[in-house]
Amino acid sequence: MEQYEADRLFPAQLAAMGRSFRSGRASLSRRSLLRASAGGALAVGGLGVLSACGIPAAGKTQGGVSASDHSAEDKVVNFSNWPEYIDVDKSGKKHPTLDEFTARTGVKVKYTEDINDNNEFFGKVKPQLAAGQDTGRDLIVVTDWLAARLIRLGWVQKLDPANLPHAFAHLSAQFRDPDWDPGRAYSYPWQGISTVIAFNKKALDGIEVKSVSDLLDNPKLKGRVGFLSEMRDSIGMTLLDMGKDPAKFTGDDYDAALARIQKAVDKGQIRRFTGNDYTSDLTKGDLAACVAWGGDIVQLKADNPDVDYIIPEAGLITSTDNLLVPNKARHKTNAERLIDFYFEPKPAAQLSAYINFVCPVDGGREELAKIDKAAADNPLIVPTKAVAAKSHSFRALSDKEEAAYEDKFAKLTGA
């Protein structure tokens, strides 16, 4: 059997990358697609601050490879992010939170929207990271599974808690201890991403949808159901519906979930597997119901009263996009200060008010209410305790598992 190495893209990942460029996050990105369709110094505390918050420093001791930190004499931080994943002003050219950070710290942010897909970005930076070279980036945003891989490879740097007092104090409990980065030694969440069931009330015409089982099994919905082309979302929601924990599932559990979806494909229940292009079909009613991303639905609901969502009783999948400092980054301290800035409630609220994904910052709700009360009261943006309790993460996969599972899912979706 061919062996897959952690630092290479295996065939199933390349297939996933192809799906993404056709219809996933790379197809303008979730945020830009919906936008287009909808027409003083930071406080820096020491370890004593962390103890006072009751949050122990992370236990990991291994880390990536640092470079000489030029933060003190070179007041800049190079920040790579996804398109349309930050607040902008009315001109569409300036980012108010970044401007505020610079005004307070004197650190200029060179902001680049050059991450269109996790696999594509990994392929872009891998040669430099594998060779122990600077990528030219001090801070990147990648989804949790890729963050886990970069940490496993030792290609990102361990963060200094002394530069992250707000992050340690305000990180929501829901995101505090992922299995791929216990104690958040190497990463902090930029935003959370909730996976729910969305529907078009007019298209349903009285048909009740409460669970993934309804999507897969109700013959009245035949040919009008959508599932996501992202494996962790579609399989994760199906596992929950089967009473399995996505954080602890076995290979047999995975195969059983895959078989359930395959059965629905074979009988024509599922219209198609989509990236964020489901938004158009859902709005028009071509899809009566689908597995969907919460941030999209927040925006769709604002424009179309027929669109709504439910969180199944079995629960929902929540993933994260994460901030990390690559090896050999030249401005690590400046990057950490920027991470910490976004864990102050006010900047966190400004960010959430614009992009409408899950705010990972305790205290963000109160500040968000001053900007947009409806957003502050929306559990897809600021989860209630009940919603947080229903949120489940898809467990970290070994390289062998990832190769096998993505390959099976690619065959299911026809990628």
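For this structure, a couple of remarks:
- Label-point gap, in nm, between K385 and K373 - each point 7 angstrom along Cα→Cβ: 2.3
- Segment S91-E401, length gained on full extension (0.36 nm per residue, minus Cα span): 107.0 nm
- What the Cα atoms of segment 322-376 give is an Rg and a Dmax of 13.1, 42 Å.
- Efficiency of FRET between K202 and K108 - r from beta-carbon atoms, R0 51 angstrom, step 0.05: 0.55
- Sorting the segments 367-376, 233-242 by their residues' average number of neighbouring beta-carbon atoms within 10 angstrom, most packed first, yields 233-242, 367-376.
- Ordering of 87-97, 135-145 by packing is 135-145, 87-97, highest average first (other Cβ atoms within 10 Å, averaged per residue).
- Cα gyration tensor category, rounded, prolate or oblate, for segment 136-205 with a/c compared to 1.5: prolate
- Fraction of accessible area attributable to carbon and sulfur, segment 269-415 (%, probe 1.4 Å): 49
- Per-bin percent of Cα-Cα distances, segment 257-398 [10 Å]: 10, 30, 34, 19, 8, 0
- Neighbourhood net charge (9 Å Cβ-Cβ; Lys/Arg +1, Asp/Glu -1) for R184: -1
- Distance violations [Cα-Cα > 18 Å] among K75/K108; K94/K328; K202/K390; K220/K263; K158/K346; K267/K411: K94/K328; K202/K390; K158/K346
- Shape category assigned to segment 231-300 from the gyration tensor of Cα positions, a/c cut at 1.5: oblate
- Remark: segment 317-411 carries 35 Å² of accessible area per residue (probe radius 1.4 Å; ligands, DNA and RNA excluded).
- Placing a label point 7 Å from the Cα of Q262 along the Cα-to-Cβ direction, the residues of segment 373-415 whose backbone N falls under 11 Å from that point are 408-409, 411-413.
- Binning the C-alpha pair distances of segment 250-290 at 10 Å intervals from 0 yields a P(r) profile of 26, 39, 28, 6 %, listed from the shortest bin outward.
- Between amide H atoms placed 1.01 Å from N, distances below 5 Å from V361 occur with S172, all of them 5 or more places distant or on a separate chain.
The values are calculated or read from the model by the stated rules, or taken from the named source; none is laboratory data. Remember, predicted model here, so these are calculated numbers, not experimental data. Cβ: placed from backbone, ideal geometry, glycine included. Neighbour counts: every protein chain shown. Each accessible area value is taken on the protein alone, full model and side chains, heavy atoms only, with ligands, DNA and RNA left out. Shrake-Rupley method; radii C 1.70, N 1.55, O 1.52, S 1.80 Å.
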